[in-house]
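A.B. asks: Below are the structure tokens for one structure; questions will follow.
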Amino acid sequence: MSLDPLLGQGRIQASGVMANATASRGWLDNRVILDHRRWTCMEADVTWSAPAHVVILTRQGGTSQTSINCAGETSYRGMDRPGSLSFVPANVVREGNYRDADLVYTALWIDPEFTARLGIRNETLPTLLNQRDAAIATALQAFQEDHAAGVEFDSGYVEHLTGFILHRIAQLDRSKTKPKTYGQLSGAVLRRLEAFIDAHLAADISLQQLADVARLPVDTFARRFKATTGLAPYAFILEQRVRRAEVILRRGETPLASVAARTGFCSQSHFSGTFKRLRGITPAAFARAIPES
């Protein structure tokens with residue numbers, strides 16, 4: 001089986017290649033693609049570039065030696081290990097040599113046009129090779145595991161997750177600079193946003209829609225929203241959905257699939273998982289604990 005990445009073109013010379021299954025899924029008209037696979041060979045020389053950005057997280061296993069050079073500027077010499085995180089921008093040529101590779105990785109491929117839609121300038125995204133970031137690793141791992149478990153994600157969730165990862169990557173290269181402070185949203189704008197979210201809670205709410213309500217660019221809106229509420233926009237929406245679900249459950253309306261649909265969750269499993277993560281208890285247990293009137 002080929003070791004070729006999901007997207008792009010180039011040259012791979014490898015020995016001792018083992019056939020391994022792959023799993024991939026696209027959202028937003030394939031502007032965002034999740035790719036999960038095992039990659040096994042004795043040695044491989046890779047020269048590759050792709051028309052999309054790619055985030056790569058090593059989940060299991062590793063290599064005895066990894067040497068990577070990107071565009072003649074960014075290089076890495078060492079080993080792949082669980083938690084190793086790389087980001088290669090679109091159209092950047094990467095050349096690598098991998099020895100004794102037996103690893104499982106999760107990759108997120110992102111269309112540069114979609115990145116620009118999120119208010120992120122593609123030219124500001126750095127090349128990162130085998131670094132570590134717990135926040136990105138946790139988010140990407142949870143996304144892949146939930147997808148493998150059958151969770152159906154709405155486009156709003158995928159958009160917010162991708163935006164979070166890209167904004168985080170854009171900041172990783174600037175850790176030595178003084179962090180910026182961001183202004184807050186006015187009370188009138190926040191009330192307008194809260195009303196919009198409340199009215200559309202059962203529907204798919206995108207970051208772009210919220211930015212339009214606030215009359216701000218997407219990246220500026222996201223930062224000011226978090227500075228004002230303490231939560232990223234999608235986290236705020238999830239909190240509002242769980243609060244509404246609590247109200248419905250207290251009324252004794254307990255078909256969980258119906259509650260999930262009425263509160264904007266894409267599936268009952270997504271609803272139950274989110275409810276338990278935010279409240280420490282499943283919605284079914286929450287409903288059983290409500291005293292009978």
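A.B. asks: Going by how many other Cβ atoms sit within 10 Å of their own, how do Arg241, Arg192, Arg277 line up, fewest first?
C.D. replies: Least to most surrounded, the residues fall as Arg277, Arg192, Arg241.
A.B. asks: Taking neighbour counts of Cβ atoms within 10 Å as a proxy for exposure, in what order, fewest first, do Glu113, Glu95 appear?
C.D. replies: If I rank by nearby Cβ atoms, fewest first, I get Glu113, Glu95.
A.B. asks: Using 0.36 nm per residue of separation minus the Cα-Cα distance, give me the extension gain between Arg132 and Arg168 in nm, one decimal.
C.D. replies: Value of the extension gain: 11.8 nm.
A.B. asks: In addition: Using helices alone, I'd like the mean residue ellipticity at 222 nm for the chain: each DSSP H run of four-plus residues gives -39500 (n - 2.57), total over residue count, nearest 500.
C.D. replies: Per the formula, -12000 deg cm²/dmol.
A.B. asks: In segment 202-293, which GluC sites (Glu not before Pro) are in a loop and have at most 15 other Cβ atoms within 10 Å, using DSSP for the loop call?
C.D. replies: In loop regions of segment 202-293 (DSSP not H, G, I, E or B), the sparsely surrounded GluC sites (Glu not before Pro) are Glu253, Glu292.
A.B. asks: For Cα pairs less than 8 Å apart in space and 6+ apart in sequence, what is the mean separation divided by the residue count of segment 9-132, i.e. the relative contact order in percent?
C.D. replies: Averaging sequence separation for qualifying contacts and normalising by length gives 31 percent for segment 9-132.
A.B. asks: Using a/c under 1.5 as the rounded threshold, could you call segment 9-132 rounded, prolate or oblate? The axes a ≥ b ≥ c are square roots of the C-alpha gyration tensor eigenvalues, and prolate needs a/b larger than b/c, oblate otherwise.
C.D. replies: prolate
A.B. asks: So, one more: How high is the relative contact order of the chain? Use alpha-carbon pairs under 8 Å, at least six apart in sequence, and give a whole percent.
C.D. replies: Once divided by the residue count of the chain, the mean separation gives 14 percent.
A.B. asks: Can you give me the C-alpha center-to-center distance between segment 187-205 and segment 152-172, rounded to a whole angstrom?
C.D. replies: Computed from Cα coordinates, the inter-centre distance equals 20 Å.
A.B. asks: Evaluate E = 1/(1 + (r/R0)^6) for Ser267 and Glu292, where r is the Cβ-Cβ distance and R0 equals 22 Å; express this FRET efficiency to the nearest 0.05.
C.D. replies: The computed FRET efficiency comes out at 0.15.
A.B. asks: Go ahead and collect, in residue order, the members of segment 91-134 whose backbone nitrogen is under 18 Å from a label point 7 Å along the Cα-Cβ direction of Ser15.
C.D. replies: Residues passing the 18 Å test: 96-102.
A.B. asks: Moving to a separate point now. So what does log10 I(q)/I(0) come out to for the chain at q = 0.07, 0.12 Å⁻¹, using the Debye formula with one equal point on every Cα and no solvent?
C.D. replies: -0.31, -0.84
A.B. asks: By how many nm would the segment from Ser75 to Asn97 grow when fully extended, if each residue of separation counts as 0.36 nm and the alpha-carbon distance is taken off?
C.D. replies: Computed gain between Ser75 and Asn97 is 6.8 nm.
All of the numbers you see were taken from the coordinates with simple rules; none came from a lab. Values in this document were obtained by computation on a predicted structure and should not be read as measured data. Note that each Cβ is placed from the backbone with ideal geometry, even for glycine, and that neighbours are counted across all protein chains shown.
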